[in-house]
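What follows draws every value from the coordinates through simple rules; no lab data is involved. Not measured: the values here are computed from a predicted model. All Cβ positions, even for glycine, are placed from backbone atoms using ideal geometry, and neighbour counts span all protein chains on display.
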Amino acid sequence: MKEMRNSESVPESHRGIKARYRLLMGECTKCGKKSFPPKGRCVCGCNSFRYFSAIGIAKLHSYTWRNEDGDIVAPADIELGGAVIPSRITDVEPSELKIGMELEPTFRRLRQSREGLIDYGLVFRPKVTNINFTNIT
């Protein structure tokens, strides 16, 4: 399990909970650009956003993987809610990953600091259920 940056504090970790737990995204009310995690200001200069949860079935857009300490880590770009977001992929071998495959969110421990702070959040795995994510708020 990877450790957090040494500069990661409890308040910083707490501020990121909504983005990690609910895939909270922001959409600029001026230009419509979507961001994950939500930013304080859009690239167009606007600071007014509509926020929404992007939990749902996603499609794998691209990926890379590396083998560290026997664990396979697959950061991925996921097409979700009209935006491409970076995410980890779990419960799959790299040889089984296919561009365009459907993925579903699952809850996992993301990292633990040397001080014992544990961050949990959503990652993605190949779709295995028939859950309707549209009614989840």
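Each part reduced to its alpha carbon centroid, the range 76-125 and the range 47-64 end up 12 Å apart. With the simple spin-label model, which puts each label point 7 Å out from Cα in the Cβ direction, the THR29 to VAL128 separation comes to 4.2 nm. The label-point distance for ALA83 and HIS61, in a model that sets each label 7 Å from Cα toward Cβ, rounds to 1.0 nm.
If I take R0 = 25 Å and measure r between the Cβ atoms of SER113 and ASP91 in this structure, what FRET efficiency does the formula 1/(1 + (r/R0)^6) give, to the nearest 0.05?
0.50
Amide H contacts under 5 Å for SER62: ASP77, restricted to partners 5 or more places along the chain or on a different chain, H placed in the peptide plane at 1.01 Å from N. Across the range 54-62, rounded Karplus estimates of 3J(HN,Hα) from the backbone phi angles (6.51 cos²θ - 1.76 cosθ + 1.60, θ = phi - 60°) give 9, 5, x, 6, 10, 10, 6, 9, 7 Hz, Gly and Pro being marked x.
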